[in-house]
Each structure stands twice: as structure tokens, then as C-alpha cells.
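In what follows, a single structure is set out as C-alpha cells and then discussed.
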Amino acid sequence: MMTNLFSVFDPSTSVLNLSLNWISTILGLTLIPSIYWFMPSRYTLIWNKILLTLHNEFKTLLGPTGHAGSTFMFISLFSLILFNNFLGLFPYVFTSSSHLTLTLALALPLWLSFMIYGWINHTQHMFAHLVPQGTPAVLMPFMVCIETISNVIRPGTLAVRLAANMIAGHLLLTLLGNTGPSLTYSILSLLIVAQIALLVLESAVAIIQSYVFAVLSTLYSSEVN
């Protein structure tokens, strides 16, 4: 019996007081195509095409000042979040990306590393970012406060955006699914159609949110160079 609406997101599987739900985070590794196949499959070719497209786009966002190989970090981040979001749509699979424990653990170290690197190596550039070009002298103190606050809340917005989008879709699916037993057959058929449409929408959200997380992380890193 579900006592709380959000209890569907609680880790509930445990052996010897160890939560096994978080193992679902690395289940996406099983979907990565093997590089040792003699002839690549169509799935391998499609995945390689996606990675190449992301590599070119992230390289453009980073610009000429970006460090070589940094795009692979953001591609790996995109892949991890994408697999987690997709696997969470399957029944009885724990959605780890709907918890701030995971999303903050991804966003906070990234943002901290960008900030530490920027303030140590490009201090003057980081100070210049606090005051947009053409700001009147009277508004400069306010702009510094606003830019500082917007910079500090970046990891929080990254983490909350991903977790909230995952929670919202799953909650809607759960709420509609719980009304099924009390409905007539005619209305139940409409409910099934609505659930399928929501599942398609959630699949799109899973892709979009992983892409947004990776792109925003790339943009944040490009600002410190």
C-alpha cells in the first residue's frame, strides 16, 4: 500500500541492509555496443553517429580555446544520464536520475572544478564576467550581485531541472495508472492510450533533459576559458 505519493521513488530493494536500487545507475553499460565485434551492427553505427554529432556540437560550443578531449567528458555525461532516464521508464527499474543525490553529485563537482580552474588561471576574465559590457556605473554593484547569485545557483538549477522533470512524468504515469482498477472498460481503453502517449512523451523528455544537462555543462565550462 502506497502511503505517500513520492514513496514510489524510494529505494526499497535491500539485501543485508545494502540498497541494491542504485545498481540501476550502471545498467546502461550493458547497452553500450561492444567494440570487439568483427562487423559492427546497425545499432553500433547509429550510436557512433550520435556520438560523432555530439562531439562536433560540443566542440563548437567550447570554441577554439577548449581543451582537447574535453568533449568526451560531456559525451560520457550525456550517455550516463540518457541511459538512466530511459531505464527508469521500464517497470521495476529504479530511476536514480530522479534523485538529487545523483543529479547534484553530477552537477556540483563539475561546476566546482570549472570555478576553481577559472578563478586560478583566468582571474581577470572571471571578474569581467561579473559585469556585462555596457553596464552603467550606477548599476555595477547590483549587476555584480545578480551575476554572482546566478553563478552560484547553477549546479542547483542543473540538478533540480533534471530531477524535477523525471519526477513529474513518473508521478503522472503513477497517478493515472492507479485509477485504472476503478474505471469501466470504455474509459480504461482511453486511459491506456493516454498512458502510451505519456510514455512516448517521457521518452522524449529523457533525451531532451540529458542533452540539456550536457549542453549547459559545456557552456559553463566554455565561460571560464
**Asked** Hey, if you put +1 on the Cβ of every Lys and Arg and -1 on every Asp and Glu Cβ in the chain, which of Ser98, Gln209, Ala68 ends up farthest toward the positive end of that dipole?
**Response** Ala68
**Asked** Taking the radius of gyration and the Kirkwood hydrodynamic radius from Cα positions alone, what is the Rg/Rh ratio for the stretch 5-223, to two decimal places?
**Response** 1.05
**Asked** Measuring from centroid to centroid over Cα atoms, what is the spacing of the stretch 24-93 and the stretch 149-193 in Å?
**Response** 25
**Complete:** Most fluctuating of Gly88, Gly156, Gly180 in the GNM of the chain (C-alpha, under 10 Å) is Gly180
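Stretched out fully, how many nm does the piece from Arg161 to Ile208 gain, at 0.36 nm a residue minus the Cα gap?
On the way: separation 47, 0.36 × 47 = 16.92 nm, distance 1.14 nm.
Between Arg161 and Ile208, full extension yields 15.8 nm more.
What dipole magnitude, in Debye to the nearest 20, does the stretch 5-223 give about its Cα centre under +1 on Lys/Arg Cβ and -1 on Asp/Glu Cβ? Please report the intermediate quantities before stating the final value.
Details: 5 positive and 5 negative charges, 59 e Å.
Around 280 debye, computed over the stretch 5-223.
Rounded to two decimal places and with Rh computed the Kirkwood way over Cα pairs, what is Rg over Rh for the stretch 59-141? The partial results should precede the final answer.
On the way: Rg = 18.2 Å, Rh = 16.1 Å.
Across the stretch 59-141, the Cα-based Rg/Rh ratio is 1.13.
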**Asked** Between Asn85, Asn56, Asn165, which gets the highest mean-square fluctuation from a Gaussian network model of the chain, Cα cutoff 10 Å?
**Response** Asn56
**Asked** When only Cα pairs under 8 Å and 6 or more residues apart are kept, what is the percent relative contact order across the stretch 5-223?
**Response** 29
**Message:** If the elastic network links every pair of Cα atoms under 10 Å, which of Leu62, Leu183, Leu198 fluctuates the most in the Gaussian network model of the chain?
**Reply:** Leu183
**Item:** Ranked packing of 94-101, 40-47, most packed first, by mean Cβ within 10 Å
**Value:** 94-101, 40-47
**Asked** How large is the helix-only mean residue ellipticity at 222 nm for the chain, computed as the sum of -39500 (n - 2.57) over DSSP H runs with n ≥ 4, divided by its residue count, in deg cm²/dmol to the nearest 500?
**Response** -22500 deg cm²/dmol
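Read the figures in this text as sums done on the coordinates, not as results from a lab. Because the structure is predicted, anything quoted here is derived from the model rather than measured. Quick reminder, even Gly has a Cβ in these numbers, built from the backbone with ideal geometry, and neighbours come from all protein chains shown.
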